[in-house]
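Undergrad: Structure incoming, see below.
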Amino acid sequence: MDLSSYYPILVQVVLASSIGCIILIVSHIFGQRSRSTEIKNSPYECGMLAEGSGQAKFAIKFYVTAMLFILFDLEMVFLVPWIMVFRDFMLANISILMPMLFFLFVLIFGLVYELKKGALEWEK
């Protein structure tokens with residue numbers, strides 16, 4: 001086993017680590033907290049003093065929509081491997097059509113349920 005073939009990997013790890021450390025050190029030296037002023041210590045530096053609290057209220061519909069998007073997006077990810085191996089399973093006489101139809105039925109049933117409950121309606 002020749003260790004010289006691992007030198008490029010070692011160089012890449014050392015280079016990436018050193019760049020990360022340099023960025024952290026330069027940020028600490030020249031960053032926002034280096035000179036302490038009221039404007040510099042505010043979370044969003046724009047040249048004006050912050051007014052009010054930094055906590056804005058968001059409606060729950062934004063979170064529900066995001067969660068439903070993630071849920072259905074992740075379920076659709078399971079269809080890609082099925083599409084890729086469907087022909088191989090059919091050649092081997094293994095039927096995977098019924099489990100996937102059941103999966104699609106549950107997916108569509110969940111979508112219809114969410115539509116009936118009004119989870120995707122913005123004006124409530």
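Undergrad: Which ones in region 55-83 are farther than 26 Å from F103 by Cβ and among the β-branched types (V, I, T)?
TA: I60
Undergrad: Does I22 satisfy the criteria of being outside the structural domain of M98 (by TED's automatic domain parsing), part of a helix (DSSP H, G or I) and at pLDDT 65 or above?
TA: Values: outside the structural domain of M98 (by TED's automatic domain parsing): yes; part of a helix (DSSP H, G or I): yes; at pLDDT 65 or above: yes.
Considered against the rule, which asks whether it is outside the structural domain of M98 (by TED's automatic domain parsing), part of a helix (DSSP H, G or I) and at pLDDT 65 or above, I22 comes out as yes.
Undergrad: Any idea which residue in region 94-124 is farthest from K61 (Cα to Cα), counting only those that are among the charged types (D, E, K, R) and out of contact with any Gly (no Cβ under 7 Å at 6 or more places or on another chain)? Please lay out each step first, then the result.
TA: Quick first cut of region 94-124, residues among the charged types (D, E, K, R) only: 114, 116-117, 121, 123-124.
Now restrict to residues that are out of contact with any Gly (no Cβ under 7 Å at 6 or more places or on another chain): 114, 116-117, 121, 123.
Numbers: E114: 13, K116: 15, K117: 13, E121: 8, E123: 10 Å.
Among those that are among the charged types (D, E, K, R) and out of contact with any Gly (no Cβ under 7 Å at 6 or more places or on another chain), it is K116.
Condition check ((1) modelled with pLDDT under 75; (2) β-branched (V, I, T); (3) at positive phi; (4) not in a helix (DSSP H, G or I)) across all residues:
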| site | (1), (2), (3), (4) |
| --- | --- |
| S5 | no, no, no, no |
| V26 | no, yes, no, no |
| I39 | yes, yes, no, yes |
| A66 | no, no, no, no |
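Undergrad: Okay, next question. Has region 69-78 got any residue that is at pLDDT 75 or above, acidic (D, E), in contact with a helix residue (DSSP H, G or I) (Cβ under 9 Å, 6 or more places away or on another chain) and part of a helix (DSSP H, G or I)? Walk me through it before giving the result.
TA: First, the residues of region 69-78 that are at pLDDT 75 or above: 69-78.
Remaining after also requiring acidic (D, E): 73, 75.
Cutting the leftovers down to in contact with a helix residue (DSSP H, G or I) (Cβ under 9 Å, 6 or more places away or on another chain) gives us 75.
Next, from what is left, pick out any that are part of a helix (DSSP H, G or I): 75.
Within region 69-78, one or more residues are at pLDDT 75 or above, acidic (D, E), in contact with a helix residue (DSSP H, G or I) (Cβ under 9 Å, 6 or more places away or on another chain) and part of a helix (DSSP H, G or I).
The values are calculated or read from the model by the stated rules, or taken from the named source; none is laboratory data. None of these values were measured; they are calculated from a predicted model. Virtual Cβ from ideal backbone geometry, glycine too; neighbours counted across all protein chains shown.
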